[in-house]
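**Student:** Handing you this structure, nothing more for now.
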Amino acid sequence: KTRKLAFKIIHSTTILLPAWHATCKETRKKVKQIPHDVSTRWNSTFDMIDFILEYREPVDAITDKRRLGLATYALNEHEWVVLGQLRDVLKILKDATLFFSRGTPNLAMVIPAMDYINEVFTTGMLDEERFDPSIHAAVGLAKKTLNKYYSLMDTSDLYRIAMGASTTSNAMILTIFFSSPSPPQAGVF
């Protein structure tokens, strides 16, 4: 729903976009565009969800205005909760992406971060009471993808060399990763 809502607002420059700006002002939020979600870039999904959650009041207000025809995009309370849970999962991956984007990452840096993500996803999958079944399913798919990369690394000579060279530096790399300006949220899962 949120992807379609954002698309409609962004591409309706004469009706919905001005209504969005007015709604932001009415709710005392800074007027900003909803980030466009690109289905092939999960980071853009995180950015859009994070924005939608921050701008919940104007989103609820604009979808409540019948004359705009956006009622089908209104989120119920359960959908807001699931959206927040999805943001928490994607934040871990976004933080890892930003960490690797700020320098020259190498295999010895990637592996400890992958291990951390794997640990967080495994722990998160065990807590069935805290997360919606759809989030568990999404984390399960992410874990399968991560396991695919692990199995590819197991057959790589470069991986074995990097792991031999990095065993003493893993603690240092994780310390750098978690002391970054926007570290992953501990205890998300």
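The values are calculated or read from the model by the stated rules, or taken from the named source; none is laboratory data. Since this is a predicted model, take the numbers as computed values, not measurements. Methodologically, a virtual Cβ is constructed for each residue, glycine included, from the backbone with ideal geometry; neighbour enumeration extends over all protein chains shown.
**Student:** Considering (1) of a type in the set (Lys, Arg); (2) within 24 Å of Tyr55 (Cα to Cα); (3) at pLDDT below 85, say which one Lys91 fails and leave the rest.
**Tutor:** Lys91 satisfies all of (1) of a type in the set (Lys, Arg); (2) within 24 Å of Tyr55 (Cα to Cα); (3) at pLDDT below 85 except (3).
**Student:** Considering only the stretch 47-73, how many residues are in contact (Cβ under 8 Å) with a residue 60 or more places away in the chain and either closer than 14 Å to Ala19 by Cα or surrounded by fewer than 18 Cβ atoms within 10 Å (Cβ to Cβ) (or both)?
**Tutor:** Summing the residues that are in contact (Cβ under 8 Å) with a residue 60 or more places away in the chain and either closer than 14 Å to Ala19 by Cα or surrounded by fewer than 18 Cβ atoms within 10 Å (Cβ to Cβ) (or both) in the stretch 47-73 gives 2.
**Student:** Taking the stretch 38-91 on its own, how many of its residues are among the β-branched types (Val, Ile, Thr) and more than 19 Å from Glu26 (Cα to Cα)?
**Tutor:** Summing the residues that are among the β-branched types (Val, Ile, Thr) and more than 19 Å from Glu26 (Cα to Cα) in the stretch 38-91 gives 8.
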